[in-house]
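Participant: Below: one structure in structure tokens.
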Amino acid sequence: MQTLTIKVKDDFMAEFIKIIDTLKDNVILKKDKNLELDPYFYERQKKLHKIRDDIKSGKAKMLSQKQYDNEMEKFFKKLEKKYANQAS
């Protein structure tokens, strides 16, 4: 059996269910809870897996919370300095 995702317009759902009911020996309908909660769940999951793979391979670096906080502090100080100079 194969899995397929189908988007059905709200006003056509009842009719769609009737059509699928006629095929119930060959088709199983199941709601995907992940897609109900987040329509982009699988796209986000794919991106997160790529980020994780990049970190594992060394292609990307993951910072500790302390490193991140330090980098953000430097960044904001740099911005403040830049805009303070522009205002002068």
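Participant: Report which label in [x] 3, 10, 10, 12, 10, 10, 9, 7, 7, 7, 6, 5, 3, 2, 1, 0; [y] 3, 12, 16, 14, 11, 10, 8, 7, 6, 5, 4, 2, 1, 1, 0, 0; [z] 3, 15, 25, 24, 11, 5, 4, 5, 4, 3, 1, 0 holds the value of P(r) over Cα pairs in 5 Å bins from 0, in percent derived from the coordinates of this structure.
Facilitator: [x]
Participant: Related question: Could you derive backbone 3J(HN,Hα) for the range 45-50 from the dihedral phi with the Karplus parameters 6.51, -1.76 and 1.60 (θ = phi - 60°), listing whole Hz in sequence and x where the residue is Gly or Pro?
Facilitator: Here the 3J(HN,Hα) series is 4, 4, 5, 5, 5, 5 Hz.
Participant: Once fully extended, how much extra length lies between Tyr83 and Leu4, figured as 0.36 nm per residue of separation less the alpha-carbon to alpha-carbon distance?
Facilitator: On the way: separation 79, 0.36 × 79 = 28.44 nm, distance 5.22 nm.
Gain on stretching Tyr83 to Leu4: 23.2 nm.
Participant: Taking 0.36 nm per residue of separation and subtracting the Cα-Cα distance, what length does fully extending Leu29 through Gln67 add? Please list the in-between numbers first.
Facilitator: Details: separation 38, 0.36 × 38 = 13.68 nm, distance 4.76 nm.
Gain on extension, Leu29 to Gln67, equals 8.9 nm.
Participant: Averaged per residue, what accessible area in Å² does the chain show with a 1.4 Å probe, protein chains only? Working shown, then result.
Facilitator: Numbers: 9080 Å² over 88 residues.
Value for the chain: 103 Å² per residue.
Participant: Using DSSP to define loop residues, name the trypsin sites (Lys or Arg not before Pro) in the chain whose beta-carbon has at most 10 other beta-carbon atoms within 10 Å. List each step's numbers first, then the result.
Facilitator: On the way: sites: Lys7, Lys9, Lys18, Lys24, Lys30, Lys31, Lys33, Arg44, Lys46, Lys47, Lys50, Arg52, Lys56, Lys59, Lys61, Lys66, Lys74, Lys77, Lys78, Lys81, Lys82; in loops: Lys7, Lys9, Lys24, Lys30, Lys31, Lys59, Lys61.
Counting only loop positions with at most 10 other Cβ atoms within 10 Å, the trypsin sites (Lys or Arg not before Pro) in the chain are Lys7, Lys9, Lys24, Lys30, Lys31, Lys59, Lys61.
Participant: Using a basic spin-label model with each label point 7 Å from the Cα along Cα→Cβ, how many nm lie between Lys56 and Met13?
Facilitator: Each label point lies 7 Å from its Cα, and together they span 3.8 nm.
Participant: Oh, and also: Among the chymotrypsin sites (Phe, Trp or Tyr not before Pro) within the chain, which fall in a DSSP loop and have no more than 15 other Cβ atoms within 10 Å of their own Cβ?
Facilitator: Numbers: sites: Phe12, Phe16, Tyr40, Phe41, Tyr42, Tyr68, Phe75, Phe76, Tyr83; in loops: Tyr40.
Within the chain, the qualifying chymotrypsin sites (Phe, Trp or Tyr not before Pro) (loop, at most 15 other Cβ atoms within 10 Å) are Tyr40.
Participant: With axes computed from alpha carbons, what is the tilt in degrees of helix 65-87 against the longest principal axis of the chain, rounded to the nearest 10 within 0 to 90?
Facilitator: 60
Participant: Return the calculated 222 nm mean residue ellipticity for the chain, to the nearest 500 deg cm²/dmol, obtained by summing -39500 (n - 2.57) across DSSP H runs with n ≥ 4 and dividing by the residue count. Display every interim value, and only then the final one.
Facilitator: Values: 4 runs with 54 residues, N = 88.
So the calculated ellipticity at 222 nm is -19500 deg cm²/dmol.
The values are calculated or read from the model by the stated rules, or taken from the named source; none is laboratory data. Computed from a prediction, not measured in an experiment: that's the story for all the values here. Cβ sites come from the backbone with ideal geometry, for glycine too, and all protein chains shown count toward neighbours. Accessible surface is based on the protein model in full, side chains and every heavy atom, while ligands, DNA and RNA are left aside. Shrake-Rupley method; radii C 1.70, N 1.55, O 1.52, S 1.80 Å.
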